Amino acid sequence: MDMFEDGADAGPDGDNSPEFTVGELSNAIKRVIEGEFGHVRLRAEVGRVSLPRSGHVYLDLKDDKAVMAGIIWKGVAARLDTMPEEGMEVIVTGRVTTFPGQSKYQIIIEDIKPAGMGALMALLEKRKTALAAEGLFAPERKQVLPYLPDIIGVVTSPSGAVIRDILHRLRDRFPRKVLIWPVAVQGAKCAPEVARAIDGFNAMTPGGALPRPDLIIVARGGGSVEDLWGFNEEVVLRAAAASQIPLISAVGHETDTTLIDFASDKRAPTPTAAAELAVPVRHELMAYLDQQHARMSRALSQGLITRGQRLRDMARALPRADTLLDSPRQRLDRAGERLGPALIAGVQRRKVRLADRSGALRPAGLRARLVQERRRLEDLSGRLAPALARAVAAKRRAAEAQRLRPTTLLRERDRQAERLARVTRQLSAAAARQTAGWRKQIEAAERLRITLGYEATLERGFAVVRSGGNVITTTAAARAATDLEIQFADGRFSVGGKGATRKSGSKSPEQGSLF
């Protein structure tokens, strides 16, 4: 390399070794590493993984002896089938480079894949254990499927055979309304689209313009572990576990198992089986209803016959209605016979009591009672006048105590004067602010007038030609004018009209400055 071979002037101590800046040396090391290694394939275990908001992925690649930093740029990360996780064994392809800002080397990853089926299974088992510990697969979280849903939401690819099988099976068993949410069923877009579809169905309004489904089916045909990996992603599992709508998972064939099967409310071995779990067979249901109707009719008829027989048996043990009324009728007759004498005896007793009470009343006694009450009234009236006088005197003293005094008036005057001064200051400040605002508006309007006026244009060497107060804009009008007045930036200048010589080809300096 030239940078290391070129000599430099000897230093003060006689050393002839070249001197580099830190940046020059870092760039030289960067060129050596990138030129020596270029693209490499690396087998390693994923260590720490960082996902900043920028979308890039920063991770550590390690084995039992060394650790290397790795970077996956945002555009590459969006195309990956499998995102790296801590503890995963992977094979990465990329180019080795350096980062001078931290004096370290790193690999820019362009592709990353799990290192064989064993790594995928280990990652799958690790994720299953972690989510099971959170309770996402707990049986008590499972919801009961509706017996006959009105609307069924299907999350699958709209172009595959899966949706045709589901629709055909529903049509055969019990036709229902179906809402299809198209998604990618494999690849990097699979997991986010499936999660958005589940959340989207749950966000719909029941009974709205686009009604909310009563049941969701997440379906896909069979495939390899890599093809079905999108249904093992954590975002899909959390969306399925959080769904308020019952969810059936039908991913792959009967032998295929994905983690969404554990998070869903019901697992179907195939998409066709999911349709069978969703709705009953209409003909079987109608036959069952007919059978139950016949049983109910027979039971009702038999019950009426049995109860009628029991009623007749019990009626034979009851006495006749006339027999039941004999005793009450006799008691009524006897009570009617005793009623007249009882009324007469009661009136007589009350007459005797009234005579006893009225015998004690005499005119002399009434006169004595009137004299007693009169004396009592005179005594009370004699005490009433002094009491009223005392009350009036107390009220008068209270009124005199509450009369206005000069000191009170002075305090009130000072308080009102201070309030008036405060209001005056506020009004003055508001008037000053408003006047300043108006002044600024006038100044701005004046500046705009000057900017838009023609006087500013005269400062740049232009002139205005007038004749008789009218602006001349053509040479024909200038020739026809008797006199001309030219306005410059510093004043106006008058010249003769028709008597002046005007030539378009050759002009004297004076003529050129005027015309």
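Read the figures in this text as sums done on the coordinates, not as results from a lab. Predicted model only: the values in this text are computed from it and were never measured. Every residue, glycine as well, gets a Cβ built from its backbone with ideal geometry; the counts of neighbours run over all protein chains shown.
A few notes on this one:
- Residues MET204, MET314 arranged by fewest to most Cβ contacts within 10 Å: MET314, MET204
- Set of lysines with alpha-carbon distance to LYS104 below 28 Å, sequence-local pairs under 8 removed: LYS30, LYS62, LYS65, LYS74, LYS113
- Kyte-Doolittle at least 0.0, axis length at least 27 Å by Cα - qualifying DSSP helices, the chain: none
- Sorted by Cβ neighbour density within 10 Å, fewest at the top, the residues LEU120, LEU59: LEU120, LEU59
- Cβ-Cβ FRET estimate between TRP73 and LEU25, R0 fixed at 41 Å, reported to 0.05: 0.95
- Within the chain, helix-based [θ] at 222 nm, where runs of 4 or more DSSP H residues each add -39,500 (n - 2.57), nearest 500: -17500 deg cm²/dmol
- The residues LYS351, LYS189, when put in order of fewest to most other Cβ atoms within 10 Å, stand as LYS351, LYS189.
- In the chain, a dipole from Cβ-located charges (positive for Lys and Arg, negative for Asp and Glu) runs towards its positive end, and of PRO149, ILE472, ASN232 it is PRO149 whose Cα lies farthest in that direction.
- Length-normalised contact order for the chain - Cα pairs under 8 Å, 6+ apart - percent: 7 percent
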